[in-house]
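Below is one structure, written out as structure tokens; comments come after it.
Here, each number is a calculation from the coordinates, and none is a lab measurement. Please read all numbers here as calculations on a predicted model, not as lab measurements. When we count neighbours, we look across all protein chains shown, and the Cβ atoms used for this are built from the backbone with ideal geometry, even at glycine.
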Amino acid sequence: MVTDLGALLGGAFNFASGVNDNGQIVGGANLLGEAVQHAFVWQDGVTQDLGALPNNQGSFAISINNKGQAVGMSAQGFDGGGSAAFSCPCRAVLWQDGAVIDLNSFVPAGSGWELFTGEAINEKGQIAGQAIRNGNLSAYLLTLPDDPVSQARTIIPALHNADARVGAVSSIRRLTRPLQNGGRLQVIKKSHR
């Protein structure tokens, strides 16, 4: 059976990228009458706009877990043209409890890390994504503190109180590095077996 999710946020272009065990779906959709795209969560026929960081035009959610957390990206600009063409700088974000949280809030200043996408999150609050580290593209694994909403440095109220979540992180070998606020940032290395 195929379910038509509809126009979502009212625009002509939209895509779904993640679903959890509760039937919540996340992705990105154009706003009504605009080329701008925002992250959304959809459940039982109801769509909520998850918003973007301040001074950012667009966002999209990539995945959702069963604890009410979604991860993705917020972008400063949007190239439009009816597609998901963002212009960066971009920031990896977490949507939780009606807030948009910049994941870079959990990275120590001066560390050389700039997280620009959150690709997946598991039930332990581990987020895998892409980053720039000292000028080079790198994969990362960020372990959130127990209460990321109260411990983040950058928290923005979302447009709507959305309950969202993100997919599982596969098993990987990693090097760990301590992080402020009780979280850990980890460089992901593929195992060669």
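Structure notes:
- Here the spin labels are modelled as points 7 Å beyond Cα on the Cα-Cβ line, and at residue 134 and residue 109 they lie 2.1 nm apart.
- If you plug the beta carbon distance of residue 66 and residue 31 into 1/(1 + (r/R0)^6) with R0 = 22 Å, you get a FRET efficiency near 0.20.
- Cα shape, segment 1-147, gyration tensor, a/c 1.5 rule: oblate
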